[in-house]
Number of protein chains: 2
Amino acid sequence: MSSTTTTAGTSFIDPFSATIDLAEGVMTDFTRRTERKASSMRGHYADASALERLVASGDPLHYEVFEKPVPEEYGHLMYCISKLYPGLVGEEYFMTKGHYHSILQTGEIYLCLRGSGFMLMKTKDGCFAAEKMERGRMVYVPPYWAHRSVNTGTESLVSFCAYNAEAGHNYGDIETEGFVKRVLKAGGVPVIR
Amino acid sequence: MSSTTTTAGTSFIDPFSATIDLAEGVMTDFTRRTERKASSMRGHYADASALERLVASGDPLHYEVFEKPVPEEYGHLMYCISKLYPGLVGEEYFMTKGHYHSILQTGEIYLCLRGSGFMLMKTKDGCFAAEKMERGRMVYVPPYWAHRSVNTGTESLVSFCAYNAEAGHNYGDIETEGFVKRVLKAGGVPVIR
């Protein structure tokens, strides 16, 4: 795509398309793939030794993000396919690191295409919310809410996401603050506590 | 949902979900529905008398937009299901009015769920682009590009859309400028000219 910067600071680019298999939840023509393995999740799970056993047993993929990136500037919209694998770390379901946006007053849309789980959300003030994720459910993560997805199913949890391209990601505060609640497998079913 | 305005001018609201049937392309729990009938499309089609015959024969629905609105402020993301009915006005396929965003440097994402057609796009400088729309195809409408969808199929053309909530809609400039090219049925197939 061509790209030139305008006086307003928002790049002019040509229109384009991406192709998404809406049944499988796959972006077939992505140009950037980001992966997080188990080893990148240190500090996030309650059972640190269970995570270390997982890392030692091959350090499997935890989640992946597929994109065709656009300029990270006001007016552009970043979008991606987020794919979170199923599994447990001790009693705790696989989850993403979770983040605030660096520009705190920007939100995000998650349109779930596959799998089942929860979107956990929290604010700096200690508010907490959880929304169920399943195919066809769109979760609105409003401005100011940190967000983390949790896969409580047996297949991958896959969502189409869209957010302000200038938003940025702040992972550090979640590493420091934690996330108020965890999703654990108890008696064979997911429990938020 | 609760809503309070922060010092930054972006409302704090609680997270929520919407439910979208990804096969049918229906938002089952929308709270706002906007409709455009044939009579609201005057001035847009080449064959004005064909449009008047359509208006006289019951003024059918042309397209509908389904939403669960959020505050129209920076940081929020508006989203909707857009449903454009199939049909012809003379030789010209049913289309939306088309618009620039009032804040010109904001883009939009269209994730097509059903049907087939084109997204026509143009700039103030006279650039023109067309992207095919069909299930699973995501069209990126970049900042500065006016956009109009055209249904060249036999069923409704349905997309999930997302854009900056503060973007606004500017329809007037398209009424004045037109859209560079039209999509006509010629020899039984769609032709852009």
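Every number in this text was worked out from the coordinates using simple rules, so none of it is lab data. Computed from a predicted structure; not experimentally measured. Neighbour counts are summed over all protein chains in view; Cβ atoms, including those assigned to glycine, are modelled from backbone coordinates with ideal geometry.
Structural remarks
- Other-chain or far-sequence residues with amide H under 5 Å of residue B:152's (modelled H): B:116, B:117, B:118
- Label distances, nm, residue B:88 versus same residue in remaining copies, Cβ-directed 7 Å point: 6.2
- Label-point spacing at residue A:19 relative to the other copies reads 3.3 nm, in ascending order, each point sitting 7 Å out from Cα along Cα→Cβ.
- Here the Karplus relation 6.51 cos²θ - 1.76 cosθ + 1.60, evaluated at θ = phi - 60°, turns the backbone of the stretch B:123-133 into coupling constants of 10, 4, 7, x, 5, 9, 8, 9, 10, 5, 10 Hz, with x for every Gly and Pro.
- Closest Cβ on chain A to the rotation axis that carries it onto B (distance rounded to whole Å): A:162, 2
- Eligible lysines near residue A:68 by straight Cα distance, threshold 23 Å, same-chain separation 8 or greater: A:37, A:83, A:97, B:122, B:132
- Residues with amide H under 5 Å from that of residue B:106, placed H, sequence gap 5 or more: B:144
- Counting Lys and Arg as +1 and Asp and Glu as -1 over every other residue whose Cβ lies under 15 Å from the Cβ of residue B:9, the net charge comes to -3.
- Debye intensity ratio in log₁₀ form over the Cα atoms of the protein assembly as shown, taken at each q of 0.09, 0.11 Å⁻¹: -0.54, -0.79
- Averaging 1/r over each pair of different alpha-carbon atoms in the stretch B:92-134 and inverting the result gives 12.0 Å, the Kirkwood hydrodynamic radius.
- When its C-alpha radius of gyration is set against 2.2 N^0.38 Å (N residues), the stretch B:30-181 gives a value of 0.99.
- With a Förster radius of 51 Å applied to the C-beta separation of residue B:128 and residue A:34, the computed FRET efficiency comes to 0.90.
- Whichever aspartates and glutamates have a C-alpha closer than 20 Å to that of residue B:124, once near sequence neighbours (fewer than 8 apart) are set aside: A:14, B:108, B:173, B:175, B:177
- Chain B - mean residue ellipticity at 222 nm from DSSP helices (-39,500 (n - 2.57) per run, n ≥ 4, rounded to 500): -2000 deg cm²/dmol
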